[in-house]
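All of the numbers you see were taken from the coordinates with simple rules; none came from a lab. Computed from a prediction, not measured in an experiment: that's the story for all the values here. Note that each Cβ is placed from the backbone with ideal geometry, even for glycine, and that neighbours are counted across all protein chains shown.
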Amino acid sequence: MPPCRRGASGFRGVRVHPSGRFTAEIRAGGFRLTLGTYNTPEEAARAYDAAAWRFRRPGHDMNFPDVESLEEAEFLAPPPCLVTDEDRRRHRQVQRRIAIAERDEQLMRQWRARSPDAFFANLRAQRRSNRRHRRAVAAFELENSNTTWTENDPRWDDLWTETTSDDE
């Protein structure tokens, strides 16, 4: 019988996840039994060895042949990283916040792409219209000499700067 293949982790019964974590699993009776997720391949291999001892596998199926008993293998094997309901709740909450932030950024990009020019152009047009209206009122009052503005009114200065800047 050919030797058992060892994966990218270098250990029997250990798989590498894209996240960089390692899963220990063992086959028994036609089923694949997942033993847990671990931070290092050595921890996952120790968990595999403990399970192999429990299933009374031969020594050549072990990752660490120097372990001599089930008790020693279980002592050296770390506990699996358990995911609790609180962890799941926190993860969902973080994912919701990330989704909201991404949607907000997307909407802001869309708004910036189409709105600022139209908004500022509209604002400029309103200001121009207001200036024209004030200028027309001032001209009308000057012609009819019934102005309500006094000689020291600052609006005269505003009218003077507007007419000189428009004439240029």
Trypsin sites (Lys or Arg not before Pro) restricted to region 24-72 and DSSP loop, no more than 14 other C-beta within 10 Å = ARG56
Between ASP66 and ASN122, what is the FRET efficiency for a Förster distance of 45 Å, r being their Cβ-Cβ separation, to the nearest 0.05?
-> 0.05
If amide H atoms are built 1.01 Å from N in the plane of the peptide, which residues on other chains or at least 5 residues away come under 5 Å of the amide H of GLY36?
-> ALA24
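Mean 1/r over all different Cα pairs, inverted: what Kirkwood radius does region 14-62 give, in Å?
Averaging 1/r across every pair of different Cα atoms and inverting gives 10.9 Å.
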Using every pair of alpha-carbon atoms in region 42-124, split the distances into 10 Å bins beginning at 0 and state the percent of pairs per bin, rounded to integers.
-> 15, 22, 12, 14, 12, 10, 8, 6, 1
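Would you mind calculating the gained length between ARG32 and GLU74 on full extension (0.36 nm times residue separation, minus the Cα-Cα distance), in nm to one decimal?
Values: separation 42, 0.36 × 42 = 15.12 nm, distance 1.98 nm.
Taking ARG32 through GLU74 to full extension adds about 13.1 nm, to one decimal.
So if we plug the beta-carbon distance of ARG134 and ILE100 into 1/(1 + (r/R0)^6) with R0 = 45 Å, what FRET efficiency do we get, rounded to 0.05?
Working: r = 45 Å, r/R0 = 1.01.
Rounded to the nearest 0.05, the efficiency is 0.50.
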